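**Student:** Questions regarding the structure given below will be posed in turn.
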Amino acid sequence: MMTENIRTLIKREEITALAREMEQDSVEAEAFFKEMLNQGKGYPDVLFPFSILLHCSGRKDESRKYMTELIKINDHYDKYLSARNHMETGDCHAPDKSSYPAIQFLSLSEQAEKLESVMEESFFKGPLAGEYYLILGRIAQTESRWRKAFLYFFAAFFASAKKAEVLLALGQLCYAQGELTLAGEALREGLSTQPEHEKIGLELSYVESELGHFDRARELLHEVYERHPDWPDVAYRLAEYYFSENDIGKALDYCDKALSVNSRYFSANMLKFRLLMLKDDTSVVETFIDGIIDPSLAGTFRIFHSMKKKDPVEDVFALLEKEPGLKQEMMEGLWDDVVRTVSPNYLKTLIRFLQDKKSISEKEALDALERYIR
Amino acid sequence: MSINDFQLTSMVRRVIVSLGLQTSLLDISVINGVAYIKGKIERQDVAVMRIRRDFYYSEELIQEKLSHEYRSTLEALDRQIRIMPGIRGAVYKLKGWERRIGKGWVRTHGE
């Protein structure tokens, strides 16, 4: 169980075992990022962990080459600039005993204090070493080696004293295993340390909404949105939240904000269509549909709008013929709420018409009548 | 949409994270209890990297092994989503993959 993987107190022998395995883990991690580079996946960001791994395994010239390549592409990210600076100056900025912030989560500070001597013997210190252990921890996490991931994150704290980054990693580790209470504890402590850390804020908003703390989730989303109005997922989550609160105006507003950044955002387009259908303004719906870039999505919206307007069933049938994938979506229930906005009498006529045209079977027609008209 | 859709979207996202799939490549939402997942399915983990490394001599073998790996992931994804309380259905629009009735997950073109 995950809780056992991280709640159990860390033993000295685990630290020494981890130190022994570190070189092999590093080789494996390097091969992983090299393969990603070969495939062009995650480029250019993948250059960062690759460069750190090379640096920490002693290939400093090669490491600087990759970090320089990364900074040529992305020269405004402090984390990359600072890493290059540390690489060039050889400045390791090892934290001294007094500069460690206390971590209450799982009493990690107390554990670190008790294990100080073995940690000193086993691990390097400094910001780049901290990044190195975080990378090895994330790799262990992708392999479902939870305890090892946890121990590497613990080592990252020892190496760099970076409380917020380590708590984010630990929160994500718990979240991926469905340990929401633990994830919430780690992320809340991380956010209290660094309230402007948007990755922690966003991750915590998902945890809080799953825990049913909707108001807190909304607050966090607003805080992240204020700093990143160009993140359409955040705007869309706010639209989802306000729709759940029946605040159609605000939901529409945030849908528009998401779509202003990414006009092809499917979920935002689908939610906006639903919202406009609720407002019942035909001309606004038509203008919206005309502006949809994806022809299939526009075609789907036209079908429901046409049904709502009670267009001749032959016309709706012709539109349906162009969207064969819609039947499966309707069977899954994706459009139930939209279909229920259509007049029941009109719907009965349409269902019977589709049955006559052999577009749906008799059983499907009966199921549809049962489903939409009660 | 009930308040649960906002919550259910988070739950679906967590399942996706737990399976090691890249959330940044996916559009994830829940609409009236129906999960909607669109985009590209991609795992960036050691198991996938090992397949590429171990079978480097045959692209065909790599694709076969990757298809098997991704099919298992998609089956787990669909199973875990559908058993969530509050979920009534699931619609997938995934690049290169289709879920067909009676056949399960079918690869429609290369990775």
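**Student:** Hey, among the residues in the range A:24-44 that are without any contact (Cβ under 8 Å) to a residue 12 or more places away in the chain and either away from chain B (no Cβ under 13 Å) or assigned to a loop (DSSP other than H, G, I, E, B) (or both), which one's nearest to the chain's Cα centre (by Cα)?
**Tutor:** Checked the range A:24-44; the qualifying residue nearest to the chain's Cα centre (by Cα) is A:Gly42.
**Student:** Now for a different question. Among the residues that make up the range A:205-227, is at least one of them touching a His at 6+ places or on another chain (Cβ under 9 Å), more than 11 Å from chain B (Cβ to nearest Cβ), closer than 22 Å to A:Ser260 by Cα and not basic (Lys, Arg)? Steps first, answer last, please.
**Tutor:** Filtering the range A:205-227 down to residues touching a His at 6+ places or on another chain (Cβ under 9 Å) leaves A:207.
From the residues that got through so far, the ones that are more than 11 Å from chain B (Cβ to nearest Cβ) too are none.
No, the range A:205-227 contains no residue that is touching a His at 6+ places or on another chain (Cβ under 9 Å), more than 11 Å from chain B (Cβ to nearest Cβ), closer than 22 Å to A:Ser260 by Cα and not basic (Lys, Arg).
**Student:** Return yes or no: is A:Arg274 in contact (Cβ under 8 Å) with a residue 60 or more places away in the chain, assigned to a helix (DSSP H, G or I) and within 13 Å of chain B (Cβ to nearest Cβ)?
**Tutor:** It is true that A:Arg274 is in contact (Cβ under 8 Å) with a residue 60 or more places away in the chain, assigned to a helix (DSSP H, G or I) and within 13 Å of chain B (Cβ to nearest Cβ).
**Student:** Looking at B:Ala76, is it assigned to a strand (DSSP E or B) and either at pLDDT 95 or above or at the interface with chain A (Cβ under 9 Å from one of its Cβ atoms) (or both)?
**Tutor:** no
**Student:** May I ask you to verify whether B:Asp45 is within 7 Å of chain A (Cβ to nearest Cβ) and modelled with pLDDT under 90? Please lay out each step first, then the result.
**Tutor:** Values: within 7 Å of chain A (Cβ to nearest Cβ): yes; modelled with pLDDT under 90: yes.
Here the answer is yes, as B:Asp45 does meet what is asked.
**Student:** May I pose another question? Considering every residue within the range A:359-371, establish whether at least one is exposed (fewer than 14 other Cβ atoms within 10 Å of the Cβ), of a type outside the set (A, V, I, L, M, F, W, C), touching a Phe, Trp or Tyr at 6+ places or on another chain (Cβ under 9 Å) and not in a loop (DSSP other than H, G, I, E, B).
**Tutor:** no
**Student:** Take the residues of the range A:325-358 that are hydroxyl-bearing (Ser, Thr, Tyr) and outside any helix (DSSP H, G or I): which is farthest from A:Arg274 (Cα to Cα)?
**Tutor:** Step by step, filter the range A:325-358, then rank; the result is A:Ser343.
**Student:** Just checking, which of B:Tyr92, B:Tyr70 is surrounded by 19 or more Cβ atoms within 10 Å (Cβ to Cβ) and touching a strand residue (DSSP E or B) at 6+ places or on another chain (Cβ under 7 Å)?
**Tutor:** Only one candidate passes the filter, namely B:Tyr92.
**Student:** Further question on the same structure: Only one of A:Asp215, A:Asp233 is at pLDDT 95 or above and under 22 Å from A:Lys272 (Cβ atoms); which?
**Tutor:** Matching residue, one of A:Asp215, A:Asp233: A:Asp233.
**Student:** Quickly run through the range B:8-35 and pick out the residues that are of a type in the set (Val, Ile, Thr) and outside any strand (DSSP E or B).
**Tutor:** B:Thr9, B:Val12, B:Val15, B:Ile16, B:Val17, B:Thr23
**Student:** What's the total number of residues in the range A:228-253 that are among the charged types (D, E, K, R), in a helix (DSSP H, G or I) and at the interface with chain B (Cβ under 9 Å from one of its Cβ atoms)?
**Tutor:** So the count comes out to 3.
**Student:** Follow-up question, since we're still on this one. Is it fair to say A:Phe288 is within 32 Å of the chain's Cα centre (by Cα), assigned to a helix (DSSP H, G or I) and either within 14 Å of chain B (Cβ to nearest Cβ) or loosely packed, with under 13 Cβ neighbours inside 10 Å (or both)?
**Tutor:** So A:Phe288 fails the test.
**Student:** Being under 16 Å from B:Gly89 (Cα atoms), among the basic types (Lys, Arg) and either outside any loop (DSSP other than H, G, I, E, B) or at the interface with chain A (Cβ under 9 Å from one of its Cβ atoms) (or both): is that true of B:Lys38 here? Before you say what the answer is, go through the steps one by one.
**Tutor:** Details: under 16 Å from B:Gly89 (Cα atoms): yes; among the basic types (Lys, Arg): yes; either outside any loop (DSSP other than H, G, I, E, B) or at the interface with chain A (Cβ under 9 Å from one of its Cβ atoms) (or both): yes.
Considered against the rule, which asks whether it is under 16 Å from B:Gly89 (Cα atoms), among the basic types (Lys, Arg) and either outside any loop (DSSP other than H, G, I, E, B) or at the interface with chain A (Cβ under 9 Å from one of its Cβ atoms) (or both), B:Lys38 comes out as yes.
**Student:** Within the range A:180-228, how many residues are among the polar types (S, T, N, Q) and surrounded by 20 or more Cβ atoms within 10 Å (Cβ to Cβ)? Spell out the reasoning first.
**Tutor:** First, pick out the residues of the range A:180-228 that are among the polar types (S, T, N, Q): A:181, A:192-194, A:205, A:209.
Those left that are additionally surrounded by 20 or more Cβ atoms within 10 Å (Cβ to Cβ): A:205, A:209.
Going through the range A:180-228 one residue at a time, the tally reaches 2.
The values are calculated or read from the model by the stated rules, or taken from the named source; none is laboratory data. Computed from a predicted model, the values in this text were never measured in an experiment. Because the Cβ atoms are built from the backbone with ideal geometry, glycine has one as well, and the counts that use them run over all protein chains shown.
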